[in-house]
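Accompanying notes for the structure given below.
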Amino acid sequence: MPNDIESSILIVDDSKINVRIISKMIEELGHQIYVASNGIEALKLLTKFKPTIILMDIKMPKMDGFSCCQRIKRSASRADIPIIFMSGSHDKSDIDKAKAIGGKDYLTKPINIELLKQAIDFNMPWS
């Protein structure tokens with residue numbers, strides 16, 4: 001990652017443990033971190049800033065990741081943000097739906113840190 005380009009990652013996950021693990025790894029890579037515990041919080045944050053990438057859980061209270069992704073992709077100013085889904089589901093229909101609604105990648109939990117790093121690097125706009 002070029003040093004003169006600031007990147008930020010929005011983590012949307014209701015699991016505090018997942019957020020803590022992922023945040024630690026992202027901080028070590030030099031990215032700014034924002035956190036939302038559900039889709040509604042994520043949409044509110046997105047009115048204030050535009051992250052470089054969104055890491056999105058699927059199953060969350062109030063608004064799930066699929067619904068949140070669909071709303072983000074309908075926003076002309078936010079539709080280009082890459083969304084990487086993170087889920088405990090290995091169900092092919094969930095993986096297919098994630099990609100059909102605009103998800104750039106799909107990682108299963110527990111998150112493999114190396115695969116997450118690769119997904120983040122691959123989806124950065126300058127890569």
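The values are calculated or read from the model by the stated rules, or taken from the named source; none is laboratory data. Keep in mind the model is a prediction, meaning the values are calculated, not measured. Here the Cβ is made from the backbone with ideal geometry for all residues, glycine too, and neighbour counts use every protein chain on show.
Within segment 88-115, the set of residues being within 12 Å of the chain's Cα centre (by Cα) and at pLDDT below 95 is empty.
When every residue of segment 25-34 is checked against the conditions, at least one turns out to be in contact with a Leu (Cβ under 9 Å, 6 or more places away or on another chain), touching a residue at least 40 places away in the same chain (Cβ under 8 Å) and closer than 20 Å to residue 125 by Cα.
The rows are residues; the columns are (1) within 20 Å of residue 111 (Cα to Cα); (2) over 10 Å from the mean Cα position of the chain (by Cα).
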| position | (1), (2) |
| --- | --- |
| 7 | no, yes |
| 10 | yes, no |
| 13 | yes, no |
| 24 | yes, yes |
| 32 | yes, yes |
| 59 | yes, yes |
| 68 | no, yes |
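When residue 118 is tested against (1) of a type outside the set (A, V, I, L, M, F, W, C); (2) surrounded by fewer than 16 Cβ atoms within 10 Å (Cβ to Cβ); (3) touching a residue at least 24 places away in the same chain (Cβ under 8 Å), only condition (3) is not met. Are any of the residues in segment 70-83 touching a Phe, Trp or Tyr at 6+ places or on another chain (Cβ under 8 Å) and without any contact (Cβ under 8 Å) to a residue 60 or more places away in the chain? No: zero hits. Would you check if residue 41 is of a type in the set (Asp, Glu) and under 17 Å from residue 21 (Cβ atoms)? So residue 41 fails the test. Among (1) touching a Lys or Arg at 6+ places or on another chain (Cβ under 9 Å); (2) not in a loop (DSSP other than H, G, I, E, B), where does residue 107 come up short? In the conditions (1) touching a Lys or Arg at 6+ places or on another chain (Cβ under 9 Å); (2) not in a loop (DSSP other than H, G, I, E, B), residue 107 misses (1) alone. The listed residues are 77, 23, and the only one of them that is of a type outside the set (Val, Ile, Thr) and under 15 Å from residue 117 (Cα atoms) turns out to be 23.
Do we find a residue being basic (Lys, Arg), closer than 14 Å to residue 14 by Cα, out of contact with any Leu (no Cβ under 6 Å at 6 or more places or on another chain) and touching a residue at least 12 places away in the same chain (Cβ under 8 Å) anywhere in segment 58-68? Yes, the conditions are met somewhere in segment 58-68. Just one of (1) under 20 Å from residue 124 (Cβ atoms); (2) out of contact with any Leu (no Cβ under 8 Å at 6 or more places or on another chain) fails for residue 42. It is (2).
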